[in-house]
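K.L.:
Would you mind keeping the following structure in view while I ask a few things?
Coordinate-derived values only; no laboratory data. Treat the numbers as computed from the prediction; the structure is a model and nothing was measured. Here Cβ is always computed from backbone atoms with ideal geometry, including for glycine, and neighbour counts include all displayed protein chains.
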Amino acid sequence: MAGQLWSVSSLGGYMYSDELSNILRTALQPVVRFRQFCDARDATSKGLNKGELYTWNVYSDVADQGGELNELDTMPETNYTITQGSLTVTEYGNSVPYTGKLNNLSKQPVSEIINKVLKNDARKALDGAAFTEFNKAGIHIVPTSGTSTTSVDFDDTAATTTTNNVAFGRAHAGLISDGLKERSIPAYTGDDYYAVAWPSTFRALKTDLEDVHKYVETGWQRIMNGEAGRYENIRWIEQTNIAHGGAVDINPYHTAGGTWRYYDNVTSPATGQWNNAASDWIMFFGEDTVAEAICIPEEMRGKIPTDYGRSRGVAWYYLGGFGIVHAGFSNSESRIAKWESAA
């Protein structure tokens, strides 16, 4: 039985000793960063018994723009197109079994501790699933020629061919903010876009702004998890859930064949920043990013005891799915842009 055992110190035996502290302590855990930006407002209405496919309509602008009319002109006519996006609802979960002996002999509450560590696990797993969809960004942003600190290129192809060889800085922030606006990407809240990355990726930017900009909370109605500041109509979010380099090594697990599997289906996690170590990915986005279809919100479940009450367990479970709303690579549709590199 893989789980918590009284006979193995690291799996349960340490939960009792003569001088054991009664205070519960767990490893440090980050809270969600990407999932908070998913739109679940219309997804919850799907509910159960509606099938595993969740779809939404995307409406284009009109084909021909209206304008001035002469008195005797007939009214012009035009149309718009409708495309559909979709996601597949699936199951997520994890569990920790434990023995009745451990529960009976432990000084500390076994089920309470397992609940806490599984809640942390669920947060990281679902944030990783949300990031997988954000990582399908339709726009790649790179410094011009890979080294410019005063110019950036917006690339709408499937993958950039430019190697990014410069740290992200203050001038890049302004250029990207202008580019998002000029592509008519709707702001996420008010007039502001959001950017999410590792704290160290923002270091050069934060150093540049120390004497220029001070974050003032007054007047803002909400601050998202991990928000570090606001500059050039972009709110900067720091995260540590998703690995450097973009590999999603949240909750890796072994497949039946004995190999590691990750949520983005890469075979191994990134070990650091891009190959040149000059920068790392940053996700920029406006409104209407990723849909989350929720059939059963994440919940804790207790295993029905077996073996006459000697085998027990606790699990977290979620039934739902995530899908990028505006998929593909298009100036007029993409809502997510990624500070990127070819290597």
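K.L.:
Please work out the FRET efficiency for the pair Asp64 and Lys119, using the Cβ-Cβ distance as r and a Förster radius of 51 Å; give the result to the nearest 0.05.
P.N.:
Working: r = 53 Å, r/R0 = 1.04.
Once rounded, the FRET efficiency stands at 0.45.
K.L.:
Starting from the Cα of Thr306, step 7 Å along the direction of its Cβ; do the same at Asp39; then give the gap between the two resulting points in nm.
P.N.:
So the two model labels end up 4.4 nm from each other.
K.L.:
Using 0.36 nm per residue of separation minus the Cα-Cα distance, give me the extension gain between Glu333 and Thr163 in nm, one decimal. Working shown, then result.
P.N.:
Numbers: separation 170, 0.36 × 170 = 61.20 nm, distance 2.54 nm.
My answer for the length gained is 58.7 nm.
K.L.:
Sum up the charges of everything whose Cβ sits under 11 Å from the Cβ of Asp156, counting Lys and Arg as +1 and Asp and Glu as -1, but leave Asp156 out. Mind dumping the intermediate values first?
P.N.:
Working: positive: Arg183; negative: Asp153, Asp155, Glu333.
Neighbourhood net charge equals -2.
K.L.:
Per 5 Å bin from zero, what fraction in whole % of the C-alpha pairs of the range 82-191 is there, up to the bin with the longest pair?
P.N.:
With a bin width of 5 Å, the distribution comes to 2, 8, 12, 12, 13, 10, 9, 9, 7, 5, 5, 5, 2, 0.
K.L.:
Using Cβ contacts closer than 10 Å as the measure, can you line up Thr201, Thr157 from fewest to most?
P.N.:
Thr157, Thr201
K.L.:
Something else: How do His244, His140 line up, fewest other C-beta atoms within 10 Å first?
P.N.:
Working: His244 20, His140 23.
Final ranking by Cβ density, sparse to dense: His244, His140.
K.L.:
Run the count for the range 67-206, please: Lys pairs, Cα-Cα under 26 angstrom, 8 or more apart or on different chains.
P.N.:
Taking the Cα cut-off of 26 Å, the pair count is 8.
K.L.:
Still on this structure, I have one more. Compute the signed sum of charges (Lys and Arg +1, Asp and Glu -1) over the other residues within less than 11 Å, Cβ to Cβ, of Trp236.
P.N.:
Working: positive: Lys206, Arg230, Arg235; negative: Asp192, Glu227, Glu232, Glu238.
Local net charge: -1.
K.L.:
With each label point set 7 Å from Cα along the Cα-Cβ vector, what nm distance links Asn104 and Asp208?
P.N.:
Taking the two extended label points, one gets 6.5 nm.
K.L.:
Going by the alpha-carbon gyration tensor, a ≥ b ≥ c the square roots of its eigenvalues, is the range 117-175 rounded (a/c under 1.5) or, if a/c is not under 1.5, prolate (a/b greater than b/c) versus oblate?
P.N.:
prolate
K.L.:
Return the distance in nm (one decimal) between the two label points of a simple spin-label model at Thr74 and Asn276, each offset 7 Å from Cα along Cα→Cβ.
P.N.:
5.9
K.L.:
Fewest Cβ neighbours within 10 Å first, please rank Ser86, Ser341, Ser106, Ser148 accordingly.
P.N.:
Details: Ser86 13, Ser341 25, Ser106 20, Ser148 16.
The order, fewest Cβ neighbours first, is Ser86, Ser148, Ser106, Ser341.
K.L.:
With a 10 Å radius around each residue's Cβ, average the other Cβ atoms per peptide and rank 177-189, 282-294, 301-313, highest first. Don't skip to the end; give the middle numbers.
P.N.:
On the way: 177-189: 15.8, 282-294: 22.5, 301-313: 13.0.
The peptides rank, most packed first, as 282-294, 177-189, 301-313.
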